[in-house]
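Single-structure report; data block below.
Readers should treat all values here as calculations from the given coordinates under stated rules, not as data from a laboratory. Quantities reported herein were computed from a predicted structural model and do not represent experimental measurements. All Cβ positions, glycine included, derive from the backbone under ideal geometry; neighbour counts span all protein chains shown.
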Amino acid sequence: MIAEKMKEMVANSSAIRAMFEEGNRLAQIYGPENVYDFSLGNPNIPAPEALTKAMKDVLLEEDPVELHGYTNSNAGYADVREAVARNLNERYGTSFEGKNITMTVGAAGGLNVILKTLINPGDEVIVFAPYFGEYRSYVNNYDGVLVEISPDTETFQPKLVEFEEKISPKTKAVIVNNPNNPTGVVYGEETIKRLAAILEAKQKEYGTDIYLISDEPYRELVYGGARVPFLTKYYDNTIIGYSFSKSLSLPGERIGYLVIPDEVTDSEEVISAANVATRILGFVNAPTLQQKAVARCLNEKADLAFYDRNRETLYEGLKKAGFSCIKPEGAFYLFVKSPVEDEKEFCTRAKKYNLLLVPGSSFGCPGFVRLAYCVAYDTIVRSLPKFEKLAAEYRE
Ligand code: PLP
């Protein structure tokens, strides 16, 4: 018999993964070229050549005993943490040191480490809908309580009035994800300044610490010159969670990092607890070969032109077919309004055309569907006539 809590988690298990599996099933029946799988944020472009080279070089150059061994600190290799800190300082004018960096098993590992570090049972964690659905499970892992801010379905920017109202003495953390999965919107500097001011005021009012967790695996994936504010500059109690999954097309390799700045309240204690959390969650340390490889590729970039072309073609094609959505400025997702209230019904109809979309309710925002456009360009081009047929069904 599995644990009660796990039964709940299995019952609510990710619709995204289910759709991904459905994609594989349909591909076997109709051939992969006839399935338009927009379900998963699994990058379709290979990791940069520099990364492949770095991995080979690391294998040839590093002492294998050290390379494949446990790291001295559970937070990762000292030289890697220092390289990450230096790189952030160069890019954002910060003054981090190696000790401020904890290498993690992707963004998911990092979020679990920091929530394990901070959350007591019953503590509240605020998220802005629509949000990455896994936050529910991550918060639940530590018996925290997820508090949702309802979506602004016109702009998908955070509703700050409701946010202010919902902060309570039990609020321990707020998660923001910028650029955003599933909408592709970017929260600009003004929004972040207002959000930070609200948090400062509430910390004072309640005499508590409220940690802002910035989940940013899509930091570099922005189009048309959009700027993503670096949040440690706006609010002292900020912790950054980063991942190389999307920027370097490495989601299966499981590598990322947390930044815990000195300005965070009880920063030394938080850093050393994150170290222990990394160990006792069973990660022990982030994959060692990946640590060494990404440290050599900190200035490498994803092929933005590839995603941008997908973005333009899919956005224009969907609009022409009669669908409505806002044009994303970042990440590689489009959040499309369902032509019927029940977006799950819409997803089921889409499947008739082998179009695989994820219902917005997975992200706390029913009435919309998410398309991940990190797919082959050809998939997008060939999917557009299918979307036109699907749209026509709703006009009949
Ligand atoms: N956070 C967000 C917003 C994501 O979209 C994802 C993955 O899609 C993750 C975290 C997890 O990323 P990782 O593969 O680095 O664990």
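Computed quantities for the displayed model
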{"item": "Listed residues L250, F368, T313: farthest to the positive end of the dipole of region 241-396 (Cβ charges)", "result": "T313"}
{"item": "Filter on K292/K351; K5/K386; K246/K351 - keep pairs with C-alpha separation over 31 Å", "result": "K292/K351; K5/K386"}
{"item": "Spin-label pair A197/E388, simplified geometry with 7 Å Cα→Cβ offset, distance in nm", "result": "4.9"}
{"item": "Expected 222 nm ellipticity per residue - DSSP helices of 4 or more, -39500 (n - 2.57), all of the chain, to 500", "result": "-13500 deg cm²/dmol"}
{"item": "Percentage relative contact order, region 318-396, counting C-alpha pairs under 8 Å, at least six apart", "result": "32"}
{"item": "Full-extension gain in nm, Q28 to V284, via 0.36 nm per residue minus C-alpha separation", "result": "88.3 nm"}
{"item": "Residue of K292, K193, K204 that the Gaussian network model of the chain assigns the largest fluctuation, springs spanning Cα pairs under 10 Å", "result": "K204"}
{"item": "Residues I198, I380, I260 arranged by fewest to most Cβ contacts within 10 Å", "result": "I198, I380, I260"}
{"item": "Cα centre as origin, Lys/Arg/Asp/Glu Cβ charges: the chain dipole, Debye", "result": "940"}
{"item": "Packing-based ranking, highest mean first, of 49-61, 228-240, 30-42 given that Cβ atoms within 10 Å are counted", "result": "228-240, 30-42, 49-61"}
{"item": "Diffusion coefficient, µm² s⁻¹, Stokes-Einstein with Kirkwood Rh over alpha-carbon pairs of the chain at 25 °C and 0.890 mPa s", "result": "112"}
{"item": "Relative contact order of region 49-295, pairs being alpha-carbon contacts under 8 Å that are 6 or more residues apart, as %", "result": "28"}
{"item": "Sites E49 and E312 - FRET efficiency at Förster radius 22 Å, r taken between beta-carbons, to 0.05", "result": "0.30"}
{"item": "Residue of P385, P261, P179 that the Gaussian network model of the chain assigns the largest fluctuation, springs spanning Cα pairs under 10 Å", "result": "P385"}
{"item": "Dipole magnitude of region 8-159, debye to nearest 20 (Cβ charges: Lys/Arg +1, Asp/Glu -1, about Cα centre)", "result": "100"}
{"item": "HN-Hα J in Hz across region 58-66 - Karplus 6.51, -1.76, 1.60, θ = phi - 60°, x for Gly and Pro", "result": "4, 5, 7, 9, 7, 5, x, 5, 6"}
